[in-house]
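K.L.:
First, the structure itself, so that you have it in front of you.
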Amino acid sequence: MKPKIEDVAKLAGVSPTTVSRVMNNRGYISDETREKVQKAMNELNYFPNDVARSLFNKRSNIIGLILPTTSNPFFGELTFHLENICAEMGYKVLLCNSLNAIDKEEKYLEMLLRNQVDGIIVGTHNRGILDYHKQNLAVVAIDRYLSDTIPVVGSDNYEGGTMAAELLMSGGCQCIVLIDGIGELETPARLRRKAYADAMERNGRAPIIYEIPEVFDRQSQQEVISRIFEEHPDVDGVFATNDLFAASFINEAKSRGKEVPGEIKVIGYDGTETAQTLMPELTTIKQPIAGIARTAIDILVKKIEGDMKESPLETRLPVKIVKGTTA
């Protein structure tokens, strides 16, 4: 039979109210009493009922994460940092991989609401569809515009795109191609594309942009990259808006007997631990992923606690070039 709070109180020689105060860290409790209660809990193998405690505190201490897929190195690393930081702060995490599918996001949002999460961090594309702000929830977005009232945290995408384009031009590239996702999505990450296009136009060049419809699908990436070689055989520079696109392009270039960086220079974007481990030679624009996670949680906690006086609607953290041998 599972021990009850009354059993803990009896063994510790205190009242059930005192046990409750120790567990919820409320009111003054002497160190001696706290130690007695903790010892009794350990002896009885007693664990507090989180549901009951959440009702008492009016907090679940749970944060929901809705992300496209943790199999993507950027979102996988972001999740790692988010979960660790939440654990440090006493929050549990419910993780939802949506693949940017609106039906899955609707079900996940319903599930998170049923579990009475204190807040949600969102990294998916579906702007305005789920009406997060109508749920009376604290919400922060990662590199996504969800509504005019939801704070957004990400890297300085425009600066990163400018760095990449200028590095390729300074390296002597004449035919520079951008590989990106679908352009109709209004996200901060689109600023990577805008920065590239602006840099090309400033130097009297026409932007060359290829879009991958299914960004997480390798076949979709392969088809688009093959078209680049067929339609622009003179390509000598590529800026890929994530490291996976860059890796796919490099693999295809090598299979066609092209030398990287001898004949084609390539720059990616993200700079995850995974990409740097598997492709240490890749030149990339590194996002401060740990910093993005920390900033997003700091803002979310402020929203949970009702303190948003000084929090900006959009936060852009600095990026840097990690120089490899591909550009």
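K.L.:
If a residue must be of a type in the set (A, V, I, L, M, F, W, C), open to solvent by 20 Å² or more (accessible area, probe 1.4 Å) and assigned to a helix (DSSP H, G or I), how many such residues does segment 73-101 contain?
P.N.:
From segment 73-101, those of a type in the set (A, V, I, L, M, F, W, C) are 74-75, 78, 80, 82, 85-87, 89, 93-96, 99, 101; that's our starting set.
Then drop every residue that is not open to solvent by 20 Å² or more (accessible area, probe 1.4 Å), which leaves 80, 87, 89, 93-95, 99, 101.
Subset that is assigned to a helix (DSSP H, G or I): 80, 87.
Here the count works out to 2.
K.L.:
Check Ser20 against each of (1) open to solvent by less than 60 Å² (accessible area, probe 1.4 Å); (2) small (Gly, Ala, Ser); (3) farther than 21 Å from Gly90 by Cβ and name the one condition it does not meet.
P.N.:
Evaluating Ser20 over (1) open to solvent by less than 60 Å² (accessible area, probe 1.4 Å); (2) small (Gly, Ala, Ser); (3) farther than 21 Å from Gly90 by Cβ leaves (3) as the failure.
K.L.:
I'd like to know if segment 245-263 contains one or more residues that are under 24 Å from Ser71 (Cα atoms), among the charged types (D, E, K, R) and in contact (Cβ under 8 Å) with a residue 24 or more places away in the chain.
P.N.:
Yes, the conditions are met somewhere in segment 245-263.
K.L.:
Can you name the condition, by its number, that Pro233 falls short on among (1) without any contact (Cβ under 8 Å) to a residue 12 or more places away in the chain; (2) of a type outside the set (Lys, Arg); (3) in a helix (DSSP H, G or I); (4) within 21 Å of Thr326 (Cβ to Cβ)?
P.N.:
If we test Pro233 against (1) without any contact (Cβ under 8 Å) to a residue 12 or more places away in the chain; (2) of a type outside the set (Lys, Arg); (3) in a helix (DSSP H, G or I); (4) within 21 Å of Thr326 (Cβ to Cβ), just (3) comes out false.
K.L.:
Another question, if that's okay. It is to be established whether one or more residues within segment 190-209 are modelled with pLDDT under 95, of a type in the set (Asp, Glu) and loosely packed, with under 15 Cβ neighbours inside 10 Å.
P.N.:
So far as segment 190-209 goes, no, none of its residues is modelled with pLDDT under 95, of a type in the set (Asp, Glu) and loosely packed, with under 15 Cβ neighbours inside 10 Å.
K.L.:
Check off (1) among the basic types (Lys, Arg); (2) touching a strand residue (DSSP E or B) at 6+ places or on another chain (Cβ under 6 Å); (3) open to solvent by 80 Å² or more (accessible area, probe 1.4 Å) for Lys254 and give me the number that stays unchecked.
P.N.:
Among (1) among the basic types (Lys, Arg); (2) touching a strand residue (DSSP E or B) at 6+ places or on another chain (Cβ under 6 Å); (3) open to solvent by 80 Å² or more (accessible area, probe 1.4 Å), Lys254 violates only (2).
K.L.:
Something else: Assuming Leu112 fulfils every condition listed in (1) crowded, with 21+ Cβ neighbours inside 10 Å; (2) modelled with pLDDT of 95 or more; (3) farther than 19 Å from Ile321 by Cβ apart from one, which condition is it?
P.N.:
So Leu112 meets the others, but not (2).
K.L.:
Let me ask something else. Which of (1) open to solvent by less than 30 Å² (accessible area, probe 1.4 Å); (2) more than 24 Å from Cys86 (Cα to Cα) is the odd one out, the single condition Ile292 does not satisfy?
P.N.:
(2)
K.L.:
How many residues, within segment 146-188, are within 16 Å of Asp198 (Cβ to Cβ), open to solvent by 40 Å² or more (accessible area, probe 1.4 Å) and either part of a loop (DSSP other than H, G, I, E, B) or touching a Leu at 6+ places or on another chain (Cβ under 8 Å) (or both)?
P.N.:
Count: 2.
K.L.:
For Val322, only one of the following conditions fails: (1) without any contact (Cβ under 8 Å) to a residue 60 or more places away in the chain; (2) touching a Ser or Thr at 6+ places or on another chain (Cβ under 8 Å); (3) open to solvent by 60 Å² or more (accessible area, probe 1.4 Å). What is its number?
P.N.:
Unmet for Val322, out of (1) without any contact (Cβ under 8 Å) to a residue 60 or more places away in the chain; (2) touching a Ser or Thr at 6+ places or on another chain (Cβ under 8 Å); (3) open to solvent by 60 Å² or more (accessible area, probe 1.4 Å): (3).
The values are calculated or read from the model by the stated rules, or taken from the named source; none is laboratory data. Since we're looking at a predicted model, the values are computed, not measured. With ideal geometry, Cβ positions are generated from the backbone for all residues, glycine too; neighbour counts draw on all protein chains shown. To get the accessible areas, we keep the full protein, side chains included, count just its heavy atoms, and leave off ligands, DNA and RNA. Shrake-Rupley method; radii C 1.70, N 1.55, O 1.52, S 1.80 Å.
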